[in-house]
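Presented below is the structure to which this report refers.
The values are calculated or read from the model by the stated rules, or taken from the named source; none is laboratory data. Predicted model only: the values in this text are computed from it and were never measured. Note that we place each Cβ from the backbone using ideal geometry, even for glycine, and neighbour counts take in every protein chain shown. Side chains included, ligands, DNA and RNA excluded: accessible areas come from the protein's heavy atoms. Shrake-Rupley method; radii C 1.70, N 1.55, O 1.52, S 1.80 Å.
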Amino acid sequence: MELAWGEDFAALADVSKSVFARYSPLEDRSNTVPFADQVAQFAELGWLQLGDPTGADADSPSLATIAGIFVEAGRALAATPLLELTMSRDTALVIGTDEATGLAKRIGNGEAVVVPVFPSPEWGSAVTYENGTLDGVALAVDHAGDADSFLVYASGSESVVAVVEASSATAVEAMPNMGGYPMFAVTFDKVPVADGAVLARGADADRAVEVAEQRGAVLRAAQLYGAGLKLLDITVLYAQQRHQFGGPIGRFQAVQYLCTDLAIAAHFTSVHARSAAAALDAGLDPQPHIGLMRKQAAKAAQEIVHSAHEVHAGIGYMIESNVHLFTDAAKRWQFDFGSAARNDADIVDALDRIYTGTGR
């Protein structure tokens, strides 16, 4: 299995650079693009229709190609709803019913802004579905405040994936966070769900969400890789320009090691992301690759900003510096990749399944 990005990766990345320049806070902190304008632009570019997690459309670009957009989004530190919309569409496509396929088409055309509400136990959140109603709280739901609808994954006597209007939620409350990200707590208190709004149940629901989360993790890792590359450029440039003891601090081996550590963390994340993307694109069991990628990416999210702060010292914490912007983003993304305990358990389970036939 060749560990390479997709064949059209570079071309897609080139287009993405110019698009995300409008969104980037690195050049101008006042850069803000209205949410509706972002969705409209992504739809016009065709980015909301990229990829087919079922593999049925042979002409659809591979996950390894789509990653080019997210590498550049990370390089620009662009905060967009593209990942959330992509995950909702992927979930609907995997479910594959007429209702779900129609939802995927509306998301792809930019006609429906559907945000996934996939509660994570690691965030301490859970949503249940019993007797036709939703109950519980999902935490850290990105862009929930701007959504038309939620694609809810709920547990219960059997798990379900249901699409509900955002206005039907009992509460959608902003969650203050150090990075200023649009994160929300979405609360359901006996919210009724029509039978027709339940798109999948049981194993079908579990499978659709699993695939969407796997593909979403690869794209988030690509985003982290892009951010790491940009932070490496910023850090190396600072080491060349900052003078102490009669010359640039970059001439000291200790500083060179820190820059090297940053580069290694970013590129290892790229290797694991390409491995996971290749497995998903080839229809192979992706779980060992996904587990290793998540573990590496969570570790890299810490390491890249730590190394950058070590080189920049106090200046990295000043508002005039862009380094702290990467710290905010990396801390948010670190949670997306899960805890070391969870990732270790997934890796062990996948290896047990492959080599002994046991495991989940």
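From the alpha carbon centroid of the range 197-253 to that of the range 83-112 is 26 Å. Stretching K17 away from Q240 to a fully extended chain increases their span by 77.7 nm, per 0.36 nm per residue minus the current alpha-carbon distance. Between W123 and D328, the C-beta separation translates, for a Förster distance of 22 Å, into a calculated FRET efficiency of about 0.80.
Considering only beta bridges that DSSP places wholly inside the range 112-241, some 85 percent are antiparallel.
If each residue of separation counts as 0.36 nm, what is the full-extension length gain between D344 and D285 once their alpha-carbon separation is subtracted? Mind dumping the intermediate values first?
Details: separation 59, 0.36 × 59 = 21.24 nm, distance 1.68 nm.
Roughly 19.6 nm would be gained on extension.
Defining a contact as two alpha carbons under 8 Å apart and six or more residues distant in sequence, what relative contact order in percent does the range 1-87 show? Could the numbers behind the result be given before it?
On the way: 81 pairs, mean separation 41.6, N = 87.
Normalised by residue count, the contact order of the range 1-87 is 48 percent.
Ligands, DNA and RNA excluded, the heavy atoms of R342 present near 80 Å² of accessible surface to a 1.4 Å solvent probe.
Between the amide H of M175 and those of M183, F184, A185, distances stay under 5 Å, these residues lying 5 or more places away or on another chain, with hydrogens modeled in the peptide plane. The charge dipole of the range 136-295, taken about its Cα centre with unit charges on the Cβ of Lys, Arg, Asp and Glu (plus for the first two, minus for the last two), comes to roughly 920 debye.
Distance from the C-alpha centroid of the range 310-353 to that of the range 44-77: 23 Å, rounded to the whole angstrom.
Over the range 202-305, with every protein chain in place, what whole percent of the accessible area is carbon and sulfur at 1.4 Å, could you tell me? Can you show the working numbers first?
Values: 2410 of 4250 Å².
The value for the range 202-305 is 57 percent carbon and sulfur by accessible area.
Remind me, relative contact order of the range 290-360 in percent, using alpha carbon pairs under 8 angstrom and six or more residues apart? Once normalised by length, the contact order is 39 percent. Can you give the relative contact order of the chain as a percent, counting alpha carbon pairs under 8 Å and 6+ residues apart? It rounds to 15 percent for the chain. Each residue, E27 and T356, gets one label point 7 Å from its Cα in the Cβ direction; the gap between the two is 5.5 nm.
With a cut-off of 19 Å on the backbone N, the residues of the range 85-114 near the modelled label site 7 Å out from E44 along Cα-Cβ are 107-113.
Could you provide, to the nearest whole Å², the per residue accessible area of the range 263-309 with probe 1.4 Å? Display every interim value, and only then the final one.
Working: 1630 Å² over 47 residues.
Ligands and nucleic acids excluded, the result is 35 Å² per residue.
The largest accessible area among L199, L237 belongs to the first residue in L237, L199, and the rest follow in falling order (1.4 Å probe, all chains).
Taking a straight line from the alpha carbon of K295, these aspartates and glutamates sit under 20 Å away, with near neighbours fewer than eight places off in the same chain left out: E122, E210, E213, D261, D285, E303, D328, D336, D344, D346, D349, D352. Taking 7 Å steps out from each Cα toward its Cβ at Y317 and F252 produces label points 1.8 nm apart.
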